[in-house]
1. On a 0 to 90° scale, report how tilted helix 296-311 is relative to the longest principal axis of the chain, with both axes built from alpha carbons and the result rounded to the nearest 10.
2. Within the set Lys396/Lys422; Lys111/Lys242; Lys14/Lys308; Lys23/Lys93; Lys177/Lys209; Lys91/Lys113, which residue pairs have Cα atoms separated by over 24 Å?
3. Can you give the extra length, in nm with one decimal, that the chain gains between Lys242 and Gln324 once fully stretched, where that is 0.36 nm per residue apart less the Cα-Cα distance?
4. Relative to the longest principal axis of the C-alpha atoms of the chain, give the angle of the C-alpha long axis of helix 431-447, reported between 0 and 90° and rounded to the nearest 10°.
5. So how far apart, in nm, are the two label points at Lys14 and Leu255 if each is 7 Å from Cα heading toward Cβ?
6. Cβ neighbours within 10 Å, averaged per peptide: list 267-276, 495-504 in order, most packed at the top.
7. Could you calculate the FRET efficiency of Glu44 with Trp420 from 1/(1 + (r/R0)^6), where r is the beta carbon distance between them and R0 is 25 Å, rounded to 0.05?
8. Could you give the accessible area per residue of the chain, probe 1.4 Å, as a whole number in Å²?
Amino acid sequence: MARSGGTICSMEIKSKLQELVYKAVCEVAGVCVPAKNIKIEHPEVEEHGDYSTNIALELKGGRALAEKIAVQIGSEYFDVSVAGSGFINFKLKPQYLVEQLSKIHIDQMGKGKTVVVEYSSPNIAKPFGIGHLRSTIIGQALYNLYQALGYTVIGDNHLGDWGTQFGKLLFMINKTKTDDFSIEELEKLYVEFHLHPEWEEEGRRWFKKLEDKNTETRRIWQKCVDVSMVEFDRIYKLLDVKIDNAYGESFYEDLMPQIIADAENMSKKSEGALIIEIPNEEAPLMLLKSDGGTTYATRDLATVKFRKQKWDPDLVIYEVGAEQTLHFRQVFAAAKLLTYVTNVNSLIHTKHGLYLDTDGKKFATRMGKTIKLEEVLNEAIDRAKKLGNSEIETAKAVGIGAIKYFELSHSIQSDIVFDWEKVMALEGNSGPYLQYTYARTQSVLKKAQDSGLKVQSDLNDEELAILRWIYRYGELVEEAAVRYAPNLLCNFLYELAQRYNTFYNKHTILGNDFRMALTQAVGSVLNSGLNLLGIAVLEHM
């Protein structure tokens, strides 16, 4: 009978199980399936066990083969059983689960690897809208998750500071003789431009002047950038978001001629424009417009090449909305054709969905205008005050934390119906509920300083429920990162909070060493998990 030896932590249990199942299958079935191909998963029904494999079913041996395999597997860490048509289940023993309380950690699987995360990426000369919240919050969470796994992570705020839209704005600034402006005034000028379709050619002409490095045009453009960055930095400070770099599209201006040169043998002229035909795509990728101006795609290809040369990343994550799906599909394919990347799978577009109002339409004001992000954040803070958080810093932590958690608790690619009642709920799957649970653990631990009573007891159902969940934390962080799914971490933390609160309401904790250790572990994991989500923890609420 195969036996494991020594002490193993929870992050190693899957690989250990794969090894034991591999040996048993080889011995019983005479078929040596590679250990890495043996799927070890958590059963949907927790009562069945902590891990499960269907290898006997995959080998078409059914329950009979599963029972033979199970007999060959033994360990001091888990019990083995067979269920249904041939699932082999593994239930971790309580003593092992107790040992894990002091060993919960996040595996540094990313050591030596580099990840670039592109996120937020607002457009210059436009106030932060609610639509930019998703990219900013999701991107920061992905950044934090990969960093926790040991990766060298580089955040890049790819600012929209170039393109025909700036030609339109420059035309309006010149036409109205506006020299001193705010970001709100710039937005009004941009809106006014689009009331006059006959001005479209002027927009293209003025952008060409910008690309041709006209001195006065450059001066006005730079002022637009400076005014916008002051505004963006104020919002980032409110969100407690810090992005490593802010390479706008304009940064790549001098690199774009090289992109055109690199594409010489695969590009061609079409109606005056320079294009690359992408295999399996109906529409080509345009490198130069008919007037010689560069395109969004040209700048993104320059970005791919720059990042490769500067950081040589193993993975680049583009946290950008789903409306850009075709664009990135073309850019990624072109990047491979140009050999800027060898594996197109090293470029990932996460494709986040939209914010919708309760009527199912895009979240906007009654006038149909985009809702400004600052207005939403300020309302969240005001609502947090009404929940009893009178201190402004606490209200900010609760209100903005609630917005962040509501965002991250949804699948990235889903559209979200924005509902204030769910955002600010003190019960259920919400940020305030998790913050409150963390504060509860800290309150218990603080009171324990005055308690000298020691009570020993057998593990009860509520204690075991926490133990059978909390040990998975490191494994879950890894899964949330590689699947680009912060919502998995939200779900994990919510379930942990529920289990702890059930335990708290049923049992006396003070004076019991084990229960205090359990409380401390829950608090530690909630603290770590919320921080990975970019949400502040509070010692009291």
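1. Result, in degrees: 50.
2. Lys14/Lys308; Lys91/Lys113
3. Details: separation 82, 0.36 × 82 = 29.52 nm, distance 2.44 nm.
Between Lys242 and Gln324, full extension yields 27.1 nm more.
4. So the inclination is approximately 50 degrees.
5. Using points 7 Å along Cα→Cβ, the separation is 3.4 nm.
6. Working: 267-276: 15.0, 495-504: 19.5.
Per-residue mean Cβ counts within 10 Å order the peptides as 495-504, 267-276.
7. 0.15
8. Values: 24970 Å² over 541 residues.
So the chain comes to 46 Å² accessible per residue, rounded to a whole number.
The values are calculated or read from the model by the stated rules, or taken from the named source; none is laboratory data. These numbers were taken from a predicted model, which means no experiment stands behind them. For neighbour counting, all protein chains shown are included, and Cβ atoms are generated from backbone atoms with ideal geometry for every residue, glycine included. Note: areas computed on protein heavy atoms with side chains; ligands, DNA, RNA excluded. Shrake-Rupley method; radii C 1.70, N 1.55, O 1.52, S 1.80 Å.
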